[in-house]
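Every number here is computed from the coordinates shown, using simple stated rules; none is lab data. Since the structure is predicted, the reported quantities are computational estimates derived from the model, not experimental observations. Cβ sites come from the backbone with ideal geometry, for glycine too, and all protein chains shown count toward neighbours.
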Amino acid sequence: MARIAGVTLPSNKRLIIALTYIFGIGETRAAKILAATKVSGDIRVKDLTLDQENLVRTAVEKEYRVEGELRREIMGNIKRLKDVGAYRGTRHIKGLPARGQRTKSNSRTVRGNVRKTAGSGRRMLTKT
């Protein structure tokens, strides 16, 4: 059971896939880490030796910003946009898409999944 950057890696996965469980590491970055440490990505996490595990751990923790540190940086960037009053910051405040996506027909989950249909325009009259 390997623990890197505060994340317990799943023991039955290949190492290149298991590293992607760490926030801030995707498949490309995992491949770069493994190439730099000369550890095979096809090894299962449970089959790692202690030396290999330590090599990967030091490479991840020293070279890259991951997990809590990366989350803090992202939140700081968003807070800066909000404080400055930038357009992207106001979109973050409102909880709407910030990168130019259309909102008339998409972004249902953000705006709330309320679908209103037009109808015929006629109202039903009730006889009493």
Unit charges on C-beta of K, R, D, E only; dipole of the chain, Debye: 1560 debye
Helix 67-84 sits off the longest principal axis of the Cα atoms of the chain, rounded to the nearest 10 on a 0 to 90 degree scale, by 40 degrees
To the nearest 10 degrees, how steeply does helix 27-37 sit against the main Cα axis of the chain, on a 0 to 90 scale? 10 degrees
Below 8 Å, C-alpha to C-alpha, sequence gap of six or more: please give me the relative contact order for the chain in percent. 17 percent
Measure nothing but the geometry: give the 0 to 90° angle between the long axis through the Cα atoms of 50-63 and the longest principal axis through the Cα atoms of the chain, rounded to 10°. 50 degrees
Give the label of the value calculated from the structure for Cα Rg over 2.2 N^0.38 Å, choosing from (1) 0.99; (2) 1.71; (3) 1.19. (2)
Using alpha carbon centroids, what distance separates the range 4-31 and the range 50-121, in Å? 21 Å
Out-of-range pairs (alpha-carbon distance over 27 Å; input Lys62/Lys82; Lys38/Lys62; Lys82/Lys104; Lys13/Lys62; Lys94/Lys116): Lys62/Lys82
